[in-house]
Amino acid sequence: MAARFALLGLGAMGHPIARNLAAKRDSDAETLVAIDCDPRRLAGLDTPGLVATTDPGQAAGADVLFLCLPDGDAVEAALFGTGALAERLAPGAVVVDLSTIAHAKALAIGRAVAATGRAFVDAPVSGAPAGAEAGTLTVMCGGEAGAVARVRPLLARIGTTILAMGPAGSGQLTKTINNALYDINIAALAEVLPMAVALGLDPDQVAQVVTTGTSRSYAAQFFVPRILQGRFDEGYPMGAAYKDLVAAAAIAAENGFPMPVTAAATVTYQTALRQGHGDRDKGAMVLPFEALLGVRVRSRS
């Protein structure tokens, strides 16, 4: 029998994920249906074995449904709202949620999917659009072991590190931890770089240190060169990504875990949002500190 898969959500991550899923198919009999409500996002999806459409109903009967959506409400609406995709998949199908959503929401959605007789794997990814393009994402899976094993060969088409983290919800819990550490790193850069410039250090030389020395990180290597050029439009918008810190705060509150450094980073994030930078990427967290100290962390060359 021909395998039939579907992917709903063709944003910056979903578009290349769809291409990799289709390009690495096992046989000509395998079909991937790529779905997005915006027809402009269907452009360039001309890989053999891939059908691009704006009709979510085309996912009906799929053996595996991948979701790559903005938040938990969108995932819930796709599965159980108008059209109720969860109940229209093939019997015993697996829903693989590649989105980044709150841990509690993932648990609730997992229970609701299980009630339809389908399996649910929360499988958020890390690696940014570049990793999605290259098929080198890190995928953090939560779900029943058999369901994770069943979709692992498909996930290997989009990522090089596929981790089974535990029961449903464990993938989202891991992604929250990853994103909290990432956000803390960016918030620290936003605070410290303007201080360095205010004290007379050359921003280009400081940038060399923080991207090659012991403080180097992916956050520094991605954002610092862009901050030096005043470019704040090449990463995921802060306003959309704020959900990650909300999720971390919820987990801390529910479990009584003190997380003072995460809370401090959240204040930096919130300050940038309140100042109207929500449409810019996370590097724009530097802007409030630049204004406060009366400096600009920009290249002098």
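The values are calculated or read from the model by the stated rules, or taken from the named source; none is laboratory data. As the structure is a prediction and not an experimental result, all values here were calculated from the model. Heads up, the Cβs are rebuilt from the backbone with ideal geometry, glycines too, and the neighbour counts pull from every protein chain shown. Areas reflect the complete protein model, heavy atoms only, side chains present, ligands, DNA and RNA absent. Shrake-Rupley method; radii C 1.70, N 1.55, O 1.52, S 1.80 Å.
Using a probe radius of 1.4 Å on heavy atoms only, what accessible surface per residue do you get for the chain? Whole Å² is fine.
Values: 13600 Å² over 301 residues.
I get 45 Å² per residue for the chain.
What is the gain in length, in nm to one decimal, between L199 and A145 on full extension, counting 0.36 nm per residue of separation less the C-alpha to C-alpha distance? Write out the running numbers ahead of the final one.
Working: separation 54, 0.36 × 54 = 19.44 nm, distance 5.44 nm.
Using 0.36 nm per residue and subtracting the Cα-Cα distance, I get 14.0 nm.
Separation between the A263 and R152 pseudo-spin-labels, each 7 Å from Cα along Cα→Cβ, expressed in nm?
Label at A263, label at R152, 4.1 nm between them.
Using modelled backbone amide H atoms (1.01 Å from N, in-plane), which distant-in-sequence or interchain residues come within less than 5 Å of F120's amide H?
V95, E144
Can you compute the FRET efficiency between A12 and T82 using 1/(1 + (r/R0)^6), with r the Cβ-Cβ distance and R0 = 41 Å? Round to the nearest 0.05.
Working: r = 25 Å, r/R0 = 0.62.
That gives a FRET efficiency of 0.95.
Give the peptides 124-136, 252-264 in descending order of average Cβ contacts within 10 Å, highest first. Don't jump to the answer; show the numbers that get you there.
On the way: 124-136: 18.2, 252-264: 11.8.
Sorting 124-136, 252-264 by mean packing, highest first, produces 124-136, 252-264.
Where does the stretch 1-142 land on Rg/Rh, using Cα atoms and the Kirkwood Rh?
Values: Rg = 13.9 Å, Rh = 14.9 Å.
A ratio of 0.93.
What is the helix-to-structure angle for 203-212, meaning the angle in degrees between its Cα long axis and the longest Cα principal axis of the chain, kept from 0 to 90 and rounded to the nearest 10?
It is inclined by approximately 50 degrees.
What nm value, rounded to one decimal, do you get for the distance between R231 and N178 when each label is placed 7 Å out toward the C-beta?
2.4 nm
Based on the mean of other Cβ atoms within 10 Å per residue, sort peptides 12-18, 180-186 so the most packed one is first.
12-18, 180-186
First compute the accessible area of the chain with a 1.4 Å probe, then give the percent of it belonging to carbon and sulfur atoms. Can you show the working numbers first?
Details: 7870 of 13600 Å².
Carbon and sulfur atoms account for 58 percent of the accessible area of the chain.
From the phi angles alone, apply the Karplus equation (6.51, -1.76, 1.60; θ = phi - 60°) to the stretch 281-292 and give each ³J(HN,Hα) in whole Hz, x where the residue is Gly or Pro.
Result, rounded to whole Hz: 7, 5, x, 5, 4, 6, 4, x, 6, 4, 5, 5.
Measuring from centroid to centroid over Cα atoms, what is the spacing of the stretch 246-271 and the stretch 1-66 in Å?
Going from one Cα centre to the other spans 36 Å.
Once the mean 1/r over all distinct Cα pairs of the chain is inverted, what Kirkwood radius in angstroms do you read off?
One over the average 1/r among Cα pairs gives 20.3 Å for the chain.
Among P129, A6, F66, which residue has its Cα furthest toward the positive end of the charge dipole of the chain, with +1 on Lys/Arg Cβ and -1 on Asp/Glu Cβ?
P129
Near the amide H of A52, under 5 Å away, which other amide H atoms are found, from residues 5 or more places off or on another chain, if H is placed in the peptide plane?
Amide H neighbours of A52: A34.
Report the label-to-label distance for D55 and D71 in nanometres (one decimal), using points 7 Å from each Cα along the Cα→Cβ vector.
3.1 nm
For the Cα atoms of the chain, what angle does the longest principal axis make with the long axis of helix 260-274, in degrees from 0 to 90, nearest 10?
Tilt relative to the chain: about 90 degrees.
Could you give the dipole magnitude of the chain about its Cα centre, charging the beta-carbon of Lys and Arg +1 and that of Asp and Glu -1, in debye to the nearest 20? Spell out each step's value before the answer.
On the way: 24 positive and 27 negative charges, 64 e Å.
Dipole magnitude for the chain comes out near 300 debye.
Counting Lys +1, Arg +1, Asp -1, Glu -1, what net charge surrounds F120 among other residues with beta carbon under 11 Å of its beta carbon?
On the way: positive: R111, R118; negative: D97, D122, E144.
My count for the surroundings of F120 gives -1.
For a quick check of understanding: with a 1.4 angstrom probe and all protein chains in place, what accessible area in square angstrom does R231 have, to the nearest ten?
Answer for R231: close to 90 Å² accessible.
Given R₀ = 30 Å, what would the calculated FRET efficiency be for T211 paired with A250, taking r from the Cβ atoms and rounding to 0.05? Write down the numbers at each step before the final one.
Details: r = 33 Å, r/R0 = 1.10.
FRET efficiency, T211 to A250: 0.35.
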